[in-house]
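Visitor: Just passing along the structure, written as structure tokens.
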Amino acid sequence: MSDFTSNFWSVYVAGISLLGILGCLVLLWFSGKAKAMTANDNTTGHVWDGDLREMNNPLPRWWVWLFIITVIFALAYLALYPGLGTYAGKFGWSAIGQYETEVAKGNKEVEPLYARFNSMKPEDVAGDPQAMAIGERLFMNNCSQCHGSDARGSKGFPNLSDKDWLHGGTPDKIVETLVKGRIGNMPPMAAAVGSSDDVRNVAHYVLSLSGSPHDSVKASLGKSKFGACAACHGVDGKGNQAIGAPNLTDDIWLHGWGENSIVAIINNGKVNQMPAQEGKLTESQIHVLASYVWSLSNKPGAVALK
Amino acid sequence: MDNLKPTPRKVIPITVMAGEQLQAASTTGEGESGSIYQAQKKIYPRSVTGFFSKWRWAMVFITQLVFYGLPWLEWGQRQAVLFDLEARRFYILGLVLYPQDFIYLSGILVISALGLFLFTAVAGRQWCGYACPQTVYTEIFLWLEKITEGDRSARLRLDASPMSVNKLTRKASKQFLWIALALWTGFTFVGYFTPIKELGVSFINASMGPWETFWVFFYGFATYGNAGYMREQVCKYMCPYARFQSAMFDKDTLIVTYDEARGEPRGSRSKKADPVALNLGSCIDCTLCVQVCPTGIDIRKGLQYECISCAACIDVCDTVMDKMNYPRGLIRYSTQNAVVQGWGKSQLLRRIFRPRVLVYTAILLAVTAALFISLALRSPFKVDVIRDRASLARIVSGGKIENVYRLQVMNATEATQQYRIAASGLPGLMLAPEGTFTVDATQARGVTVTLQLPYEAASPGSHEIHFEIESVNSPGRVIEKSVFLVPR
């Protein structure tokens, strides 16, 4: 109710609710006093359309108790649960509170299940079928939205099932990526590289590093300009996992393959982000999940099907 | 525009009974000006024996043997009938049903409804009188009441008498029996949803879960309240079927009838007296038919909505007729037409084959056949194909386009199954990685499948493809449609 500046609406809503219940009680009391007139043939004596008579079919008296029970229920509910304006109710119940209780309860329930894996090395967890079944579900619920159900990624979203790692593929590094998230930052380098022809030549040189189709004349011209890139990607173009600079020699193109894509990246740069999962997943869950991700590229035929 | 002119309406005034008339009515004691709520008079039905009573008891035994017995039946390693709501698997003998099989429940409900229509059209409220749980439990509770408090007159006397040790003992033992049966009923009901043997252990140890506890006691309380106290009130005020059945009645529907032509004028007489000489009908006005009626009506007033067609009045009247040496059947199952036109049994039976009954029968048979055929042809597993939400399509090394799918495979057998996937619909379409996979017994599993297509093997856009999933070591094949997207 923080949306409102005064408590007028709160009082208004509470007032209407209570008046409504009071109205029901008044109606019940009134109907208990009311008398129905019946003639000797058990009709009310009213006749419509010549022969349509109104029979007296009284409601059973015990039915009134159902009405009274609803009134009692309504009052008890309003006293215990939020319903009367901003009054939070005796139980202090809230949807968020219930959600948090249930999550805490759920986590407590699965705690013993994870306890077994906590003391295991990630390499061993990756060999445990139960852990991998859990890992797969965690991946489906938390990772597949970007990396795909088969973990093979998409343009802009890294493939996790190959041996190419931007920030390192050891279990420790994967845990770090999961916990803290990652930001990959390629600054716009056009000014440092030189003219637009220079940029194009560098692009061809980059293509040549992985043996992709390229113009060898342009590539040899671009080689001298690659110095601007070498600071991060290394002189040999093999990248630097410490700062998340991709390896340019392995023919894996996260942001698109070919001359035009590379030119665009050099000109415009790129910031790519992996969100941190800390707080969203528990430590044990991250342990199992990291082992699962590690297993994708470290066990032959470990992709989904078995 | 002329035809829009309103035609003059006939006005009929509402006539209200004049004051003197009303007063006259109330002073004679027949008419009154009372509360708009009706206080209920407690009914003390007299116990009855006879042909129809035997049938009702037979139905009590059959229905309750099924209800109380079924959860204890074993099928292989598990309970034969178990509705596992938590795992959302429904076991009925050899069948394992998923929530996706809801159509079968709809089928059973349609069959039940049509069955009810058919029986009602032919024989009136036979369901109410013999098989309805309300009737059956009331019958059992009445029997418990009879063995503790005695029959109608004894109960009437007991209720009128002041509190005594005898009264307290009788009332307490009745309550004990009622509550025990009600609890057993609630326990059995929950036993359909949670394995009954484990439930029995936790019931004895008082360690049932909160929902199990709630339902055992709630269902038990409902049984106790409805069969012990509400009784005919349920039929009169709560049951919708009791009210809409009139739509299924016609003049050839079997109802409990009182042969007015033969019975009237009623009056008591000596057994030896000649009724013709006394100008009396066959009805000796013993009021036994009213005393045995579980809904407290007088059948001699004709068909009433309270009548549940239980035939207690027929049984008791037949015994009276026997004693009087009159022919049986003053009160009998008959139809309105038969009574009015004096039909015999064969004429009455011939009227069963009327269009309404034939139509109900035809639809009932068709739906029943459809249900069983569909159950027989049911595939032992189900597959849902969902396109991966992460990427529509992607280009991978080797000049290939990839689409990713999630296959939800639901194993509806009680053995681990191996399945093989194949995809077709586009030339050069390949499954990567190729393979088979297993799904545990009665479990569902999501399998990620990647399809690859050589670059430029298909035009840009959406292409229909089919997944074919085959069970490796048991029969069964499912074909599911999906699409393969080729980017521009």
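The values are calculated or read from the model by the stated rules, or taken from the named source; none is laboratory data. Nothing here was measured: the structure is a model prediction, and the numbers come from that model. Cβ: placed from backbone, ideal geometry, glycine included. Neighbour counts: every protein chain shown.
Table: residues versus (1) on the phi < 0 side of the Ramachandran plot; (2) surrounded by 12 or more Cβ atoms within 10 Å (Cβ to Cβ).
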site	(1), (2)
B:Trp57	yes, yes
B:Gln64	yes, yes
B:Pro71	yes, yes
B:Val81	yes, yes
B:Asp84	yes, yes
B:Arg88	no, yes
B:Asp101	yes, yes
B:Ser106	yes, no
B:Ile111	yes, yes
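Visitor: Could you check how many residues of region B:413-446 are in contact (Cβ under 8 Å) with a residue 40 or more places away in the chain and either at the interface with another protein chain (Cβ under 9 Å from one of its Cβ atoms) or over 18 Å from B:Glu470 (Cβ atoms) (or both)?
Guide: Within region B:413-446, residues that are in contact (Cβ under 8 Å) with a residue 40 or more places away in the chain and either at the interface with another protein chain (Cβ under 9 Å from one of its Cβ atoms) or over 18 Å from B:Glu470 (Cβ atoms) (or both) number 5.
Visitor: Of these, A:Asp215, A:Asp198, A:Asp128, which one is free of Cβ contacts under 8 Å to residues at least 12 places away in the same chain, within 23 Å of A:Leu248 (Cβ to Cβ), among the acidic types (Asp, Glu) and away from chain B (no Cβ under 14 Å)? Spell out the reasoning first.
Guide: Values: A:Asp198 fails: free of Cβ contacts under 8 Å to residues at least 12 places away in the same chain; A:Asp128 fails: within 23 Å of A:Leu248 (Cβ to Cβ).
So the residue among A:Asp215, A:Asp198, A:Asp128 that is free of Cβ contacts under 8 Å to residues at least 12 places away in the same chain, within 23 Å of A:Leu248 (Cβ to Cβ), among the acidic types (Asp, Glu) and away from chain B (no Cβ under 14 Å) is A:Asp215.
Visitor: Within region A:127-184, can you find the residues that are of a type in the set (Ser, Thr, Tyr) and closer than 22 Å to B:Thr450 by Cβ?
Guide: Residues of region A:127-184 of a type in the set (Ser, Thr, Tyr): A:144, A:149, A:154, A:161, A:170, A:177.
Across region A:127-184, the qualifying residues are A:Ser144, A:Ser149, A:Ser154, A:Ser161.
Visitor: Only strands (runs of 3 or more DSSP E) wholly contained in region B:374-446 count here; list those with 1 or more residues that are within 30 Å of A:Asn159 (Cβ to Cβ), at pLDDT below 90 and charged (D, E, K, R). Walk me through how you get there before you give the answer.
Guide: Working: elements: B:381-387, B:394-396, B:400-411, B:417-424, B:430-432, B:436-439.
Correct list: B:394-396, B:400-411.
Visitor: Return yes or no: is B:Ser334 in contact (Cβ under 8 Å) with a residue 60 or more places away in the chain and among the small types (Gly, Ala, Ser)?
Guide: yes
Visitor: Ok, one more. Could you check region A:260-289 and list, in sequence order, the residues that are over 21 Å from A:Lys173 (Cβ atoms) and either touching a His at 6+ places or on another chain (Cβ under 7 Å) or aliphatic (A, V, I, L, M) (or both)?
Guide: Let us first name the residues in region A:260-289 that are over 21 Å from A:Lys173 (Cβ atoms), namely A:260-270.
Those that are over 21 Å from A:Lys173 (Cβ atoms) and either touching a His at 6+ places or on another chain (Cβ under 7 Å) or aliphatic (A, V, I, L, M) (or both): A:Ser261, A:Ile262, A:Val263, A:Ala264, A:Ile265, A:Ile266, A:Lys270.
Visitor: Among the residues of region A:171-181, are any over 26 Å from the mean Cα position of the chain (by Cα) and among the basic types (Lys, Arg)?
Guide: Quick first cut of region A:171-181, residues over 26 Å from the mean Cα position of the chain (by Cα) only: none.
Among the residues of region A:171-181, not one is over 26 Å from the mean Cα position of the chain (by Cα) and among the basic types (Lys, Arg), which makes the answer no.
Visitor: Something else now. State the number of residues belonging to region A:53-79 that are free of Cβ contacts under 8 Å to residues at least 60 places away in the same chain, more than 9 Å from chain B (Cβ to nearest Cβ) and not hydroxyl-bearing (Ser, Thr, Tyr).
Guide: Of region A:53-79, the ones free of Cβ contacts under 8 Å to residues at least 60 places away in the same chain are A:53-77, A:79.
Checking which are more than 9 Å from chain B (Cβ to nearest Cβ) leaves us with A:53-55, A:65-77, A:79.
Checking the rest, the ones that are also not hydroxyl-bearing (Ser, Thr, Tyr) come to A:53-55, A:65-69, A:71-76, A:79.
Adding up the residues that qualify gives 15.
Visitor: Can you name the condition, by its number, that A:Gly89 falls short on among (1) at the interface with chain B (Cβ under 10 Å from one of its Cβ atoms); (2) without any contact (Cβ under 8 Å) to a residue 24 or more places away in the chain?
Guide: (1)
Visitor: Here's another thing I want to ask about it. Kindly state which helices (runs of 4 or more DSSP H) lie completely within region A:180-278 and contain at least 1 residues that are assigned by TED's automatic domain parsing to the domain that holds A:His167, among the charged types (D, E, K, R) and crowded, with 18+ Cβ neighbours inside 10 Å. Give the steps one after another, and end with the answer.
Guide: Details: elements: A:190-193, A:196-209, A:216-223, A:227-233, A:259-268.
Because the criterion is at least 1 residues that are assigned by TED's automatic domain parsing to the domain that holds A:His167, among the charged types (D, E, K, R) and crowded, with 18+ Cβ neighbours inside 10 Å, no helices (runs of 4 or more DSSP H) in region A:180-278 meet it.
Visitor: Turning to a different aspect of this structure: Among the residues of region A:157-167, what is the count of those that are at pLDDT 90 or above and part of a loop (DSSP other than H, G, I, E, B)?
Guide: Of the residues in that region, 6 qualify.
Visitor: Is it true that B:Arg243 is closer than 20 Å to A:Pro60 by Cα and assigned to a helix (DSSP H, G or I)? Steps first, please.
Guide: Numbers: closer than 20 Å to A:Pro60 by Cα: yes; assigned to a helix (DSSP H, G or I): yes.
The answer is yes for B:Arg243.
Visitor: Looking at region B:366-413 only, could you name the residues that are surrounded by fewer than 18 Cβ atoms within 10 Å (Cβ to Cβ) and among the aromatic types (Phe, Trp, Tyr)?
Guide: Matches in region B:366-413: B:Phe372 only.
Visitor: Give the residue that is surrounded by the fewest Cβ atoms within 10 Å (Cβ to Cβ), with candidates limited to residues of region B:116-128 that are of a type in the set (Gly, Ala, Ser) and not in a loop (DSSP other than H, G, I, E, B). Break it down stepwise before answering.
Guide: So in region B:116-128, the residues of a type in the set (Gly, Ala, Ser) come out as B:121, B:123-124.
Imposing the further condition that a residue be not in a loop (DSSP other than H, G, I, E, B) reduces the set to B:121, B:123.
On the way: B:Ala121: 22, B:Ala123: 17.
Ranking the candidates gives B:Ala123 first.
Visitor: Quick check: is even one residue across region B:290-311 in contact with a Phe, Trp or Tyr (Cβ under 9 Å, 6 or more places away or on another chain), part of a helix (DSSP H, G or I) and touching a residue at least 60 places away in the same chain (Cβ under 8 Å)?
Guide: For region B:290-311, residues in contact with a Phe, Trp or Tyr (Cβ under 9 Å, 6 or more places away or on another chain), part of a helix (DSSP H, G or I) and touching a residue at least 60 places away in the same chain (Cβ under 8 Å): present.
Visitor: Also: Assess whether B:Thr319 counts as being under 23 Å from B:Trp55 (Cβ atoms), surrounded by fewer than 18 Cβ atoms within 10 Å (Cβ to Cβ), β-branched (Val, Ile, Thr) and touching a residue at least 24 places away in the same chain (Cβ under 8 Å).
Guide: Working: under 23 Å from B:Trp55 (Cβ atoms): yes; surrounded by fewer than 18 Cβ atoms within 10 Å (Cβ to Cβ): yes; β-branched (Val, Ile, Thr): yes; touching a residue at least 24 places away in the same chain (Cβ under 8 Å): yes.
It is true that B:Thr319 is under 23 Å from B:Trp55 (Cβ atoms), surrounded by fewer than 18 Cβ atoms within 10 Å (Cβ to Cβ), β-branched (Val, Ile, Thr) and touching a residue at least 24 places away in the same chain (Cβ under 8 Å).
Visitor: Name the single residue, out of those in region A:139-148 being touching a residue at least 40 places away in the same chain (Cβ under 8 Å) and within 12 Å of chain B (Cβ to nearest Cβ), that is nearest to the chain's Cα centre (by Cα). Explain how you work it out, then say what you get.
Guide: First pass over region A:139-148, keeping only residues touching a residue at least 40 places away in the same chain (Cβ under 8 Å): A:139, A:142-143.
Subsequent filtering for residues that are within 12 Å of chain B (Cβ to nearest Cβ) retains A:139, A:143.
Values: A:Phe139: 12, A:Cys143: 9 Å.
Among those that are touching a residue at least 40 places away in the same chain (Cβ under 8 Å) and within 12 Å of chain B (Cβ to nearest Cβ), it is A:Cys143.
Visitor: Additional query: Scan region B:262-286 residue by residue and report those that are surrounded by 14 or more Cβ atoms within 10 Å (Cβ to Cβ) and of a type in the set (Ser, Thr, Tyr).
Guide: Matches in region B:262-286: B:Ser282 only.
Visitor: Within region B:158-226, which helices (runs of 4 or more DSSP H) (wholly inside it) include 3 or more residues that are surrounded by 12 or more Cβ atoms within 10 Å (Cβ to Cβ) and basic (Lys, Arg)? Quick ask: steps written out before the conclusion?
Guide: Values: elements: B:165-190, B:196-204, B:210-225.
Filter on region B:158-226 gives B:165-190.
Visitor: Given the condition within 17 Å of B:Cys128 (Cβ to Cβ), surrounded by 13 or more Cβ atoms within 10 Å (Cβ to Cβ), at pLDDT below 90 and of a type in the set (A, V, I, L, M), answer yes or no: does some residue in region B:297-305 qualify?
Guide: Within region B:297-305, one or more residues are within 17 Å of B:Cys128 (Cβ to Cβ), surrounded by 13 or more Cβ atoms within 10 Å (Cβ to Cβ), at pLDDT below 90 and of a type in the set (A, V, I, L, M).
Visitor: In region B:129-156, what count of residues is obtained for those that are among the β-branched types (Val, Ile, Thr) and either surrounded by fewer than 20 Cβ atoms within 10 Å (Cβ to Cβ) or part of a loop (DSSP other than H, G, I, E, B) (or both)?
Guide: Count: 3.
Visitor: Collect the residues in region B:447-475 that are away from every other protein chain (no Cβ under 11 Å) and hydrophobic (A, V, I, L, M, F, W, C), keeping them in residue-number order.
Guide: Result: B:Leu453, B:Ala457, B:Ala458, B:Ile465, B:Phe467, B:Ile469, B:Val472.
Visitor: Report whether or not A:Glu136 is surrounded by fewer than 14 Cβ atoms within 10 Å (Cβ to Cβ), within 25 Å of the chain's Cα centre (by Cα), among the acidic types (Asp, Glu) and assigned to a helix (DSSP H, G or I). So that I can check it myself, show each step before the final result.
Guide: Working: surrounded by fewer than 14 Cβ atoms within 10 Å (Cβ to Cβ): no; within 25 Å of the chain's Cα centre (by Cα): yes; among the acidic types (Asp, Glu): yes; assigned to a helix (DSSP H, G or I): yes.
It is false that A:Glu136 is surrounded by fewer than 14 Cβ atoms within 10 Å (Cβ to Cβ), within 25 Å of the chain's Cα centre (by Cα), among the acidic types (Asp, Glu) and assigned to a helix (DSSP H, G or I).
Visitor: Further, regarding this structure: Looking at region A:240-255 only, could you name the residues that are in contact (Cβ under 8 Å) with a residue 60 or more places away in the chain and within 19 Å of A:Ala219 (Cα to Cα)?
Guide: If the condition is that a residue be in contact (Cβ under 8 Å) with a residue 60 or more places away in the chain and within 19 Å of A:Ala219 (Cα to Cα), then A:Asn247, A:Asp250, A:Ile252 are the ones that fit.
Visitor: Let me ask you something else. For region A:115-133, enumerate the residues that are touching a Ser or Thr at 6+ places or on another chain (Cβ under 6 Å) and either part of a helix (DSSP H, G or I) or aromatic (Phe, Trp, Tyr) (or both).
Guide: First, pick out the residues of region A:115-133 that are touching a Ser or Thr at 6+ places or on another chain (Cβ under 6 Å): A:118, A:122, A:125-126.
Hits for region A:115-133 are A:Asn118, A:Pro122, A:Val125.
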